[in-house]
C-alpha cells in the first residue's frame, strides 16, 4: 500500500509515479467483489499556482479537502453529469491533487461492466467520469482516506514500470499547455 510519504510530494511527481499503480477495492464486504484496476492516465493540479485548479482562488466549501492531508480523495461533480476522483497530494495547505483520468480493469471486470452496461471493454474506464461510474465512486467518497488502516479502497505500488507519455492537460479551458498529464504509452493502454 502506498503511504503518506508517497503522496506528500508535489502533484506532478505523484501523478507521473501513479501510472502503473493499482487501485484496489478490497473484499471487506462480501456483497462487493474485489476490484483491481491499473492506473493509466493522470493529471496534476497545483493549487494557488495553477489557474486550472479548483483551489486557485483559495479555500471554499467545495475544495476544502484539497487543503488537507495527502492521501485523501477529492471527489467533485463535473458538468452536472459525472463525478471526478482526485487524490490529494503535497503538504496540508498547498491544495495540490492528482486527477485519476483512466485505468484498465485487471480484476472484477464483471462488476465494472454491470456499472457501465453496453460499453465496450476498451472504453470502460478511459476517462475520469467513466472511471468513477465503473468503480463506482461518488460524491459520498469525498474526503475518503486511502491510508486508513481498514480502508476498503487502497492504492498499491506498480507491478511493472510502463513507458509514459507526458502531455498538456485536456478537458480544461485554462493552463492546458502545462505538461502535467501522464499517459501509459503502450498500445493496449493508450489513451486518446
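The condition of being under 25 Å from residue 9 (Cβ atoms) and more than 13 Å from the chain's Cα centre (by Cα) holds for residue 90.
Against the test of being modelled with pLDDT under 95 and either within 19 Å of residue 20 (Cβ to Cβ) or over 15 Å from the mean Cα position of the chain (by Cα) (or both), the options 81, 85 yield a single qualifying residue, 81. Being farther than 19 Å from residue 142 by Cα and free of Cβ contacts under 8 Å to residues at least 60 places away in the same chain is a property that does not hold for residue 53. No other residue among 186, 112 is more than 20 Å from residue 45 (Cβ to Cβ) and at pLDDT 95 or above apart from 112. Does segment 41-48 include one or more residues that are in a loop (DSSP other than H, G, I, E, B) and crowded, with 20+ Cβ neighbours inside 10 Å? No. The residue that is nearest to the chain's Cα centre (by Cα), among those in segment 148-164 that are under 17 Å from residue 74 (Cα atoms) and surrounded by fewer than 18 Cβ atoms within 10 Å (Cβ to Cβ), is 154. Determine, yes or no, whether residue 73 is part of a strand (DSSP E or B), under 14 Å from residue 155 (Cα atoms) and touching a helix residue (DSSP H, G or I) at 6+ places or on another chain (Cβ under 8 Å). Answer is yes for this residue.
Looking at this structure, is residue 62 without any contact (Cβ under 8 Å) to a residue 24 or more places away in the chain and under 18 Å from the mean Cα position of the chain (by Cα)? In short, yes.
Tell me which of these residue 58 doesn't satisfy, since it passes every other one: (1) surrounded by fewer than 16 Cβ atoms within 10 Å (Cβ to Cβ); (2) outside any strand (DSSP E or B); (3) touching a strand residue (DSSP E or B) at 6+ places or on another chain (Cβ under 9 Å). Of (1) surrounded by fewer than 16 Cβ atoms within 10 Å (Cβ to Cβ); (2) outside any strand (DSSP E or B); (3) touching a strand residue (DSSP E or B) at 6+ places or on another chain (Cβ under 9 Å), only one is false for residue 58: (3). Of the residues making up segment 77-102, those that are in contact with a strand residue (DSSP E or B) (Cβ under 7 Å, 6 or more places away or on another chain) and within 13 Å of residue 136 (Cα to Cα) are 83, 84, 85.
Right, residue 100: touching a residue at least 24 places away in the same chain (Cβ under 8 Å), under 21 Å from residue 165 (Cβ atoms), assigned to a loop (DSSP other than H, G, I, E, B) and in contact with a helix residue (DSSP H, G or I) (Cβ under 9 Å, 6 or more places away or on another chain) or not?
Answer is no for this residue.
The values are calculated or read from the model by the stated rules, or taken from the named source; none is laboratory data. Every value quoted in this text rests on a predicted model; they were computed, and no experiment measured them. Backbone-built Cβ (ideal geometry, glycine too); neighbour counts: all protein chains shown.
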